[in-house]
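Following: one structure in structure tokens, then a few remarks.
Read the figures in this text as sums done on the coordinates, not as results from a lab. In this text the structure is predicted, and so the values were computed from the model without any measurement. Cβ: placed from backbone, ideal geometry, glycine included. Neighbour counts: every protein chain shown.
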Amino acid sequence: MPDADGPVLSVSGLRKVFGTQVAVDDMSFDLAPGRSLAIVGESGSGKTTVARMVVGLERPTAGTIVACGRDRSRPARNAGERTRRGREVQIVFQDPYSSLDPRQSGAAAVDEVLRVHHDHDAATRRRIVGELADLVGLDSRQMSALPRALSGGQRQRVAIARALATEPKVLILDESVAALDVSIQAQVLNVLADIRDERGISYVLISHDLAVVRQLTEDVLVMQRGVVVERGRTTDVLDEPQHPYTQRLRASVPGPGWKPTRTLRRPA
Amino acid sequence: MSALLEVRDLTVRLRVGGSDREVITGTTLEIAEGEAMGLVGESGSGKSMTAKAIARLLPAGAGVEGSVHFAGTDVLALSGADLRRHRAKVAVVFQDPRAHINPVRRIEDFMTESLRTLEDVPRAQARTRAADALEEVGIDDPARRLRQFPHELSGGMLQRVMIATALLSRPLLLLADECTTALDVTTQAEVMAILDDLRRDRGLSMLFITHDLELAGAVCDRTSVMYAGQVVETSAADRLHADPLHPYSAALVQARPDVTSTAERLVAIPGRPVSAFEAPSGCRFAPRCPHALDSCRSTEQVLTGLDAGRVRCERAATLRGRLLDPTESPTESEETADA
């Protein structure tokens, strides 16, 4: 295990090439335990590719990813190694309608993860399922319902509970609140903040929504066409963006007094 | 300003699996010439169905009550050529441009189809008009774009094509249904600026449907908020943000994180948004409302004028000006104001 002060996730010189397309180029960052890092950018910036490489869904072209002191930039050599990687870093995807098994209740989904990753007896697993349900704000009726009987926000809570079941050190949130209604998004953001306070877990938030980024993270990386163009404390970067691209992103967020501006040519 | 569009007590029921489900209940709104009205709400609130009813694009078998008047004509009574003319004057731009364009036809075919079939415009002239419309929405080299296929264009570019196409029939009213939601923020700003210009240049009226209260506030004159199939508030757009009349509007304003400041904790609305057919009797928002009293739950709420706006809440006059006050805890205010 890494020492307590070392980063829980450390990425350096990360690069991913699809054919002739460079999706991510020379990306590096450290994530300390209990900290939250946002990766922001628009479609095609490479932010989701970074997330997929960290969880092991894509293999990096170059660079290293170290989680909990162990390298994970190459495919796992055996099942045990793969399971351990799954335990250390978990992900919650954007679309709660496609990320859950339609024939499995939330309780069964969480229980399955517990059986794979931990050596608990049935009574303990039941207790942990209950605790996780409490943590994400679902009652037992909702946990035993199939996904089709749940709303988008409830499904996303199931997905979060399932991700937390491995007791991960790092949780990747890939646009996890983007598809939720405003009132539900606020509930889920509060749940995520509570979980971090309670469990000391680290978040990597992949998002295009700067207001959500401000609410949930301390540090931010801004990506444009695969390259990190600005990094710093979230509050500093959003209050005083330095890079022209960050400035343009920030200026595009509607708010009081906001007027949309045309950058493209307009006929006379 | 006279009202270009008047929707009165519009109720829509859709047939779902053998039973009628109400999706809009008694919606009332009007849009003046050149006015931009925002229509804000969460999923299932009925905002898209309102737009579909105005454009007469509801699915077959939908039950409609109430009235929709556009430029003096009764929209619900239209048929045949009159209905086609109505749809040319009321243009719709949807959220996902790729779902509304034929992927195997060139941009030119898509853009000029209605001009050539409905207005018998010759091909060369239709092409020129399409090219001009593309230029108006900031697309370079329109001649080349017209020859391209939808897959060769980015989402933002394609949405501009949809807007340009909508404009070709010289509409009086544009129904923009979450038309920037799928776009990146910088592209969204671009598209919003284009819509804003068009509105000013052509005196176009707009119904701007969105879940984003801030966006509506920035580009609209007035905003209506829908909940569970009903309009619960209509106010000046900037006022809605600063001093909402309905507890639901206030809850939406507070639930949204702010890019300029970090909240200790977001003020979440308990429960989940409901659709009209599953809404409780009495005030539909009451189960989630921190200000609800017993009478709210038992009494059907009526849209009533208050200040310069309209609100569907019997407590609105009592709560006025206090809904966003952080020092005002709802339970205390119940006791003091309504003991």
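Estimated from the Cβ-Cβ distance and a Förster radius of 35 angstrom, the FRET efficiency linking B:GLU300 and B:GLU119 is about 0.15. In sequence order, region A:121-135 has phi-based couplings of 7, 4, 5, 5, 4, 4, 5, 5, 4, x, 5, 5, 4, 4, 4 Hz under the Karplus curve 6.51 cos²θ - 1.76 cosθ + 1.60, θ = phi - 60°, and Gly or Pro positions carry x.
The Cα atoms of region B:247-338 define a convex hull whose projected area, averaged across directions, is 7.0 nm². Residue order for A:GLU167, B:GLU135, fewest other beta carbons within 10 angstrom first, comes to A:GLU167, B:GLU135.
Peptide B:185-195 has a mean of 6 when you count, residue by residue, the C-beta atoms of other protein chains within 10 Å of its C-beta.
Working note: 222 nm ellipticity from helices only, DSSP H runs with n ≥ 4, each -39,500 (n - 2.57), summed and divided by the residues of chain B, gives -10500 deg cm²/dmol to the nearest 500. Amide H to amide H, with H built 1.01 Å from N, B:VAL232 comes under 5 Å of B:VAL225, B:MET226, B:TYR227, counting only residues 5 or more places away or on other chains.
Computing FRET efficiency as 1/(1 + (r/R0)^6) for A:ARG74 and A:SER98, where r is the C-beta to C-beta distance and R0 is 22 Å, gives about 0.15. B:ALA131 sits among other residues whose Cβ lies under 12 Å from its own Cβ, and their net charge, with Lys and Arg +1 and Asp and Glu -1, is -1.
Exposure proxy check: B:HIS241, B:HIS246 ranked by fewest other beta carbons within 10 Å?
By the 10 Å Cβ count, ascending: B:HIS241, B:HIS246.
Rounded to the nearest whole Hz, the Karplus-based 3J(HN,Hα) values (6.51 cos²θ - 1.76 cosθ + 1.60, θ = phi - 60°) of region B:82-87 follow the sequence 5, 5, 4, 4, 4, 5, with x at glycine and proline.
Per-residue shielding of A:42-50, expressed as the average number of other chain Cβ atoms within 10 Å of the residue Cβ, stands at 2.
Coupling constants for region B:165-172 follow from the phi torsions by the Karplus curve (6.51 cos²θ - 1.76 cosθ + 1.60, θ = phi - 60°), and in residue order they are 5, 4, 7, 4, 8, 6, x, 9 Hz; glycine and proline get x.
Within the protein assembly as shown, DSSP assigns beta bridges of which about 60% are antiparallel (rounded to the nearest 5). Of all alpha-carbon pairs in the protein assembly as shown, indicate the percentage at a distance above 30 angstrom. Beyond 30 Å sits 58 percent of the P(r) for the protein assembly as shown. The Stokes-Einstein estimate for region B:90-152, based on a Kirkwood radius over Cα pairs and taken at 20 °C with 1.002 mPa s viscosity, is a diffusion coefficient of 174 µm²/s. The length gained on full extension between A:THR235 and A:ARG127, counted as 0.36 nm times the residue separation minus their Cα-Cα distance, comes to 35.0 nm. Taken about its Cα centre, region B:247-338 carries a charge dipole of roughly 400 debye when the Cβ of each Lys and Arg holds +1 and the Cβ of each Asp and Glu holds -1.
Loop-located trypsin sites (Lys or Arg not before Pro) across region B:188-275 with a Cβ neighbour count of 11 or fewer within 10 Å are B:ARG265, with loop assigned by DSSP. Against chain B, whose longest principal axis is taken from its Cα atoms, helix B:123-136 shows a tilt of about 40°. In region B:193-237, which residues have a backbone nitrogen under 11 Å from the label point lying 7 Å from B:THR181's Cα in the Cα-to-Cβ direction? Under cut-off, by backbone N: B:209-212.
Cysteines without a disulfide-compatible partner in the protein assembly as shown, using Cβ under 4.7 Å as the rule? Lone cysteines by the Cβ rule: A:CYS68, B:CYS179, B:CYS220, B:CYS289, B:CYS313.
Legend: mean number of C-beta atoms from other chains within 10 angstrom of residue C-beta atoms, peptide A:235-243, equals 1. Under a 5 Å amide H cut-off, with hydrogens placed 1.01 Å from N, A:GLN104 pairs with nothing among residues at least 5 apart or on other chains. Close amide H contacts of A:GLY41 (hydrogens built in the peptide plane, cut-off under 5 Å, sequence separation of 5 or more or a different chain): A:SER207, A:MET223.
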